[in-house]
Amino acid sequence: MKIHRGALGLAMVFALPLSSAAGQATKKYDLPPGTTTQAVDVAVDNVRINQVLLKPEGEGSGPLKKSGSEAKVRMDNNGSTDVEAGAAIVLMDAAGNVVGAGSCGTKVGWLKAGERDTCSMDLGYVFRNLKNAKTLVVTLETSPRK
């Protein structure tokens with residue numbers, strides 16, 4: 001009987017709709033020198049990242065000047081269901097060294113259907129060579145509301 005139960009369980013896993021699985025997409029972009037705003041097009045499950053805004057050292061949000069840099073990522077949910085969404089970026093110089101990295105996501109709850117949100121990520125520990133960034137890698141991960 002154990003074989004039959006295991007086979008039934010496996011069949012049920014494969015029978016789940018694909019939309020219940022988390023989606024992920026990654027794209028790589030070349031950055032022109034001095035770029036602070038980069039148009040991107042990373043999409044999965046009707047959620048799209050259209051823009052990454054880089055804020056160099058000391059220009060972070062809030063009332064205090066901060067040590068480190070920041071990136072803001074705009075996410076649009078163009079679908080008909082609410083999703084949990086997360087974004088990650090990696091910035092590299094011409095030699096392939098990482099000069100900045102961070103991640104962020106939906107602040108509280110879900111990115112509702114038809115809504116737009118901006119999340120902020122701190123690039124607080126590896127930021128001193130951000131001005132040398134030549135490549136931007138953007139990853140978007142989504143998980144539908146269950």
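Please treat every number below as a calculation from the coordinates, not as lab data. Keep in mind that this is a model prediction, so the values were computed, not measured. Ideal geometry is used to build each Cβ from the backbone, glycine not excepted, and the neighbour counts take in all protein chains shown.
The table below lists the values:
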item	result
Two-decimal ratio, the range 40-146, of alpha-carbon radius of gyration to 2.2 N^0.38 Å	1.11
Around GLY79: net Lys/Arg minus Asp/Glu count, Cβ-Cβ under 12 Å	-1
Estimated FRET transfer efficiency when R0 is 30 angstrom, pair THR37-LYS112 (beta carbons, to 0.05)	0.75
